[in-house]
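Below you'll find the structure, written out as structure tokens, and then a few comments.
Just so you know, all these numbers are worked out from the coordinates, no wet-lab data involved. This is a predicted model, so every value here is computed, not measured. Note that we place each Cβ from the backbone using ideal geometry, even for glycine, and neighbour counts take in every protein chain shown.
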Amino acid sequence: MTLIRKKIDVKAPLTDKQMIELENAASMKVVMDGDCPEITDAEFAKFVEMAKKRREEHRKPLVSIRLNPETYAKAKKLGKGYTGILSRLLDMAINNPEMLRKCL
């Protein structure tokens with residue numbers, strides 16, 4: 001198998017060939033088949049409900065906390081993603097009974 005790499009400049013204007021392909025694609029009719037069957041309104045409603053539920057389950061609550069200035073400075077030095085690191089540290093600490101007991 002041959003691997004082909006291409007660099008695409010997304011800011012470059014589309015070529016005439018690309019414009020024709022887009023216009024043709026826009027006018028094509030959607031054809032349902034075994035891999036992509038048409039769904040009923042009830043199935044679509046069920047899908048929407050499942051997606052909402054999944055979003056709610058995975059949504060992380062936003063919490064404000066006060067940090068010691070030195071702790072904040074150390075965290076910021078960790079660079080981009082430091083809030084995720086703080087979140088994981090808090091998860092580990094709150095699930096560690098010994099550490100939790102020390103902080104109470």
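Side notes on the structure shown:
Conditions tested, residue by residue: (1) under 26 Å from the mean Cα position of the chain (by Cα); (2) in a helix (DSSP H, G or I); (3) touching a residue at least 40 places away in the same chain (Cβ under 8 Å).
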| position | (1), (2), (3) |
| --- | --- |
| ALA12 | no, no, no |
| ALA25 | no, yes, no |
| VAL30 | no, no, no |
| ARG88 | yes, yes, no |
| GLU98 | no, yes, no |
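- Residues satisfying the stated conditions in the range 65-86, i.e. more than 27 Å from the chain's Cα centre (by Cα) and surrounded by fewer than 10 Cβ atoms within 10 Å (Cβ to Cβ): ARG66, ASN68, PRO69, GLU70
- Annotation: ILE4 fulfils all but one of (1) part of a helix (DSSP H, G or I); (2) exposed (fewer than 10 other Cβ atoms within 10 Å of the Cβ); (3) over 26 Å from the mean Cα position of the chain (by Cα); the unmet one is (1).
- Matching option when the condition is surrounded by 10 or more Cβ atoms within 10 Å (Cβ to Cβ) and of a type in the set (A, V, I, L, M), among LEU100, LEU62, LEU104: LEU100
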